[in-house]
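A short write-up of the structure that comes next.
Nothing in this text is a laboratory measurement; each read-out follows from the coordinates by a stated rule. All values derive from a computational prediction rather than experimental measurement. Methodologically, a virtual Cβ is constructed for each residue, glycine included, from the backbone with ideal geometry; neighbour enumeration extends over all protein chains shown.
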């Protein structure tokens, strides 16, 4: 029988509880489904000590053996997909089919980084006969990582996979609202034979944990996914202690619809992707800039399809979009929709919280928004789509680049010339043309401007968990 897991801390290869706990809620009915232990200062000290020893062991473990353990853990997670997906849907609300896909996606991160860890090649630099210059890529050390609530399994997976694939130990502070995904990952690695201390999992008040962990001498890298505001604070804290950072921060993804595509097909794909995870995705397509020639047709098709999205409990197979994760998202969406309406936007679908228990907010479509509408420059992080007309591709690119964010951007076009201009001029770390998939395990993912620093995924992602050592070796003196 599938059940919600017993929530515990994982430190030095063992599970432990705490006298202080926090409630975990089911956003579909607002019921308490678990009590989460809060790490004490002593727990954090134990995690640091364990991570130091874990790094000593893991960094000296052969890459082939490291890959074997990571792949075994990924295999166990694939076998346990139903249990993990059920836990994710219960605590987050997303449809169970999306939760299964998230588990599979998380496993792909582990599988990619396990294999890529075998190819962390250095190089020999040509020199005179009596000296050799060698470059090595070595594990950077113990990582302090912080993952968000919107993807309970795949977001922790990205950081754990990068750290372990590179040969580092890690202390992960996962989300207090959606902790089960990280707990299932720790279980799988425990069962796969990961040495104690290589992976440590803690929970608690985020500011308390970050302010204590980041300055500690054993921490050599800070990896964070979350809001730009918090990312700036953690980057400042890390800088004061001369720690490098890997920051994947907020976005406000533009979608450019050129005049050479089928507007109905583009709208259908856009609605499906906007509804994914109830729009609670840093790469969620949000600001649609549609050529005026296609605008009326696109808006009509988008709104019509948005109104058909089935809203409900994620455990119901018929549900296409679950609740948003918490009351904060409801309050933020209410405020943004009200502001847009007051400033003259047309509300074409949704816009009002569903009555009754649960944090249900329908897929909402607003058109003809003025530039000063809050939603046009504040990331909604929810099921809110904004659609405006543009006169040209140049106009669309200018509007797309107008914000300080630059994580993901999308475009629909069949023109090679348009695609070239978009590739050269869009200010984003990730650009997808005729697809709304922003990242996969084998490609680097990250932002520019205030959307972050560094990359996760691909060869570039693994390198952020490594340091470069240059060796000069004279053969004789």
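The calculated FRET efficiency for the pair residue 68 and residue 471, based on their C-beta separation and a Förster distance of 30 Å, comes to about 0.60.
Taking a ≥ b ≥ c as the square roots of the Cα gyration tensor eigenvalues, with a/c under 1.5 meaning rounded and otherwise prolate when a/b beats b/c, else oblate, which class fits the stretch 254-441? In terms of gyration-tensor shape, prolate. Per the Debye formula on identical point scatterers at the alpha carbon atoms of the stretch 118-266, with no solvent, log10 I(q)/I(0) at q = 0.11, 0.13, 0.15, 0.20 Å⁻¹ is -0.55, -0.69, -0.82, -1.20.
Straightening the chain between residue 354 and residue 317 buys 11.4 nm, computed as 0.36 nm per residue apart minus the Cα-Cα spacing. Against the empirical curve 2.2 N^0.38 Å, the C-alpha radius of gyration of the stretch 249-291 lands at a ratio of 1.18. Peptide packing: for 266-274, 296-304, 413-421, 225-233, the average count of neighbouring Cβ atoms within 10 Å per residue gives the ranking 266-274, 296-304, 225-233, 413-421, highest mean first.
Using the Cβ-Cβ distance between residue 420 and residue 310 with R0 = 45 Å, the FRET efficiency computed as 1/(1 + (r/R0)^6) comes to roughly 0.70. With contributions of -39500 (n - 2.57) from each DSSP H run of at least four residues, the per-residue ellipticity at 222 nm computed over the chain stands at -12000 deg cm²/dmol. By other beta-carbon atoms within 10 Å, ranking 158, 329 with the fewest at the front produces 329, 158.
How high is the relative contact order of the stretch 254-441, given as a whole-number percent (alpha carbon pairs under 8 Å, six or more residues apart)?
Reported as a whole number, the value is 27 percent.
Label-to-label distance, residue 41 versus residue 57, with points set 7 angstrom from Cα along the beta-carbon direction: 2.8 nm.
Pairs of alpha carbons in the chain separated by more than 29 Å make up 50% of all such pairs. Exposure proxy for 209, 387: other Cβ atoms within 10 Å of each Cβ, ordered fewest to most, give 209, 387. For residue 268 and residue 4, the FRET efficiency from 1/(1 + (r/R0)^6), where r spans their Cβ atoms and R0 equals 30 Å, is about 0.30.
Quick check on the exposure proxy: order 315, 36 from fewest to most C-beta atoms within 10 angstrom.
With the sparsest Cβ surroundings first, the list reads 315, 36.
For the chain, what's the relative contact order in percent, using C-alpha pairs closer than 8 Å and at least 6 residues apart?
Normalised by residue count, the contact order of the chain is 19 percent.
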